[in-house]
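The values are calculated or read from the model by the stated rules, or taken from the named source; none is laboratory data. It should be emphasised that the depicted structure is a prediction, and the values quoted were computed from it without experimental measurement. Here Cβ is always computed from backbone atoms with ideal geometry, including for glycine, and neighbour counts include all displayed protein chains. Remember, those area values only see protein heavy atoms, side chains included, never the ligands or the DNA or RNA. Shrake-Rupley method; radii C 1.70, N 1.55, O 1.52, S 1.80 Å.
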Amino acid sequence: MTATVSEEKAGSRGDLPPVPDGAVTVTLKILRFNAEVDSEPRWESFNVPALPTDRVLNLLHYVKWYVDGTLTFRRSCAHGICGSDAMQINGVNRLGCKVLVKDLMSGGGKPTTITVAPIKGLPVHKDLLVDMEPFMEAFKAVKPFLITYGNEPTRERIQSAHDRERFDDTTKCILCACCTTSCPVFWNEGSYFGPAAIVNAHRFIFDSRDEGAEERLDILNDAEGVWRCRTTFNCTDACPRGIQVTKAIQEVKRALLFRR
Amino acid sequence: MTDSAMATEQVVARGSRSNGTLYRGDPGMWSWVAHRITGVLTFFFLFAHVLDTALVRVSPNAYDQVIETYKSPIVNLLEVGLVGAVLYHALNGIRVMLVDFWAKGPKYQKPMLWTLLVVWVLVMVPGAYFMMVRTVSEMFGGS
């Protein structure tokens, strides 16, 4: 039994861990929001010991585990696969688990500040946690699954390597929402389908085995569809999987113009 | 170093959907912002231009009077600005069309942007000189 529990600060979890050799203190500036207390988001800074090989996610863990347990963010695999921890890091959308501290260090021994904010354009529930539902609705709306008509084949649906290559780039999407929430059009018009939905439509529109291309093209021909894209290339820059998002959107636009 | 790990600093951010942070977007985003601004400025010019030219139908005298007010250094500066805006809008318009219709356009969007900015500077430097040389010599040359 410990009698000191009541002396600990609310939400903190005990002693700070030892600072590893080679660690430098960086300032982690987080845009926080707690709907129960705040009427507006507010910036809060934490001094965190960081190794150059640490990822931004490690710094968030440090804050949550040792300084302020109320800090709220999503993360699951922490290895750039699940796409849970999309956030705005130093003004651009990135996965917290893929950005290394050494790439954010300010040169010349000046103190480093890393700003972290929730991705834009989706309602913030708490801190970095946003409501992904509008994003997922747009994804579902483009029918991101194989559509076929006629009799089922008795064996696999064969596809040549060349046909598979046609949509290879857009199969890489992990639905992290980095692209959609980097889009100025999406910030202002939440009704726009957004890059991620179009990428996932592209993945099936250009699949030789799929027969639902016309339906999807009809959906994306909508006023809130591909024509809202202003080719700002923020999505291409933001994608943690390196998908050429704008290129995919342009291919869908050209398919609408010339393929039918 | 970490004992005083919390230094709270309050800066009010506006709006909850767009949280008031400045997005450091791709150069393509800034080219789009500039395209919008130059487009709107050009539209305002055209609006004024249609009005003043239509004035000649009302009264040639009034038209001459209005045109006379344009002969000032400030309007000369605005003219240079107009040429700059139209030139950027035109060049970036070509870039956007190439991004739209040329399969390799998205791949080369940045080189195309740098190219158009270089062309813009190469045209604007001598262009501004020849547009301003008369005004400047009249103001300071004392001819």
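Answer with yes or no whether A:Thr70 is outside any helix (DSSP H, G or I), open to solvent by 50 Å² or more (accessible area, probe 1.4 Å), in contact with a strand residue (DSSP E or B) (Cβ under 9 Å, 6 or more places away or on another chain) and within 25 Å of A:Gly107 (Cβ to Cβ). Taking the combined requirement at face value, the residue does not satisfy it. Pairs linking a residue in the range A:114-138 that is within 9 Å of chain B (Cβ to nearest Cβ) to a residue that is among the acidic types (Asp, Glu), with Cβ atoms under 8 Å and 6 or more positions apart or on different chains, are A:Pro118/A:Asp127; A:Leu122/A:Asp131; A:Pro123/A:Asp131; A:Val124/A:Asp131.
Just checking, how many residues over the range A:175-192 are touching a residue at least 24 places away in the same chain (Cβ under 8 Å) and open to solvent by 30 Å² or more (accessible area, probe 1.4 Å)?
Looking only at the range A:175-192, we keep the residues that are touching a residue at least 24 places away in the same chain (Cβ under 8 Å), and these are A:175-187, A:189-192.
Among the residues that remain, those that are also open to solvent by 30 Å² or more (accessible area, probe 1.4 Å) are: A:175, A:187, A:189-191.
Residues in the range A:175-192 being touching a residue at least 24 places away in the same chain (Cβ under 8 Å) and open to solvent by 30 Å² or more (accessible area, probe 1.4 Å): 5 in total.
When A:Thr154 is tested against the conditions (1) closer than 30 Å to A:Leu220 by Cα; (2) not assigned by TED's automatic domain parsing to the domain that holds A:Val19, the lone failure is (1).
Residues that are within 14 Å of another protein chain (Cβ to nearest Cβ), among the hydrophobic types (A, V, I, L, M, F, W, C) and free of Cβ contacts under 8 Å to residues at least 24 places away in the same chain: does the range A:232-241 have at least one? Among the residues of the range A:232-241, at least one is within 14 Å of another protein chain (Cβ to nearest Cβ), among the hydrophobic types (A, V, I, L, M, F, W, C) and free of Cβ contacts under 8 Å to residues at least 24 places away in the same chain, which makes the answer yes. Please tell me if A:Ile174 is of a type in the set (A, V, I, L, M), part of a loop (DSSP other than H, G, I, E, B) and modelled with pLDDT under 95. No.
Given the options A:Lys29, A:Lys64, A:Lys110, A:Lys102, name the one that is outside the structural domain of A:Thr181 (by TED's automatic domain parsing), in a strand (DSSP E or B) and among the basic types (Lys, Arg). Explain how you work it out, then say what you get.
On the way: A:Lys64 fails: in a strand (DSSP E or B); A:Lys110 fails: in a strand (DSSP E or B); A:Lys102 fails: in a strand (DSSP E or B).
Being outside the structural domain of A:Thr181 (by TED's automatic domain parsing), in a strand (DSSP E or B) and among the basic types (Lys, Arg) holds for just one of A:Lys29, A:Lys64, A:Lys110, A:Lys102, which is A:Lys29.
Look at the range B:89-117: where a residue is open to solvent by 60 Å² or more (accessible area, probe 1.4 Å) and modelled with pLDDT of 95 or more and a partner is of a type outside the set (Ser, Thr, Tyr) and outside any helix (DSSP H, G or I), sitting 6+ places away or on another chain with Cβ atoms under 7 Å, you get B:Leu98/B:Gly105. The numbered conditions (1) in a loop (DSSP other than H, G, I, E, B); (2) closer than 21 Å to A:Ala255 by Cα are all true for A:Ile198 except (1).
Pick from the range B:22-35 the residues that are under 20 Å from A:Pro118 (Cα atoms) and open to solvent by 20 Å² or more (accessible area, probe 1.4 Å): which of them is farthest from the other protein chains (Cβ to nearest Cβ)? So the residue we want is B:Leu22. In this structure, A:Glu214 does satisfy being within 17 Å of A:Pro144 (Cα to Cα) and not hydrophobic (A, V, I, L, M, F, W, C). Screening the candidates A:Arg166, A:Arg94 for the property of being within 14 Å of another protein chain (Cβ to nearest Cβ), within 24 Å of A:Asn234 (Cβ to Cβ) and open to solvent by 40 Å² or more (accessible area, probe 1.4 Å) yields one hit, A:Arg94. A residue that is surrounded by 14 or more Cβ atoms within 10 Å (Cβ to Cβ), hydroxyl-bearing (Ser, Thr, Tyr) and farther than 30 Å from A:Cys235 by Cβ can be found somewhere in the range B:57-75. For the range A:214-246, filtering for residues that are part of a helix (DSSP H, G or I), open to solvent by 10 Å² or more (accessible area, probe 1.4 Å) and not charged (D, E, K, R) leaves 4. Just one of (1) of a type in the set (A, V, I, L, M, F, W, C); (2) in a strand (DSSP E or B); (3) assigned by TED's automatic domain parsing to the domain that holds A:Leu175 trips up A:Ile147, so point out which. So the condition that A:Ile147 fails would be (2).
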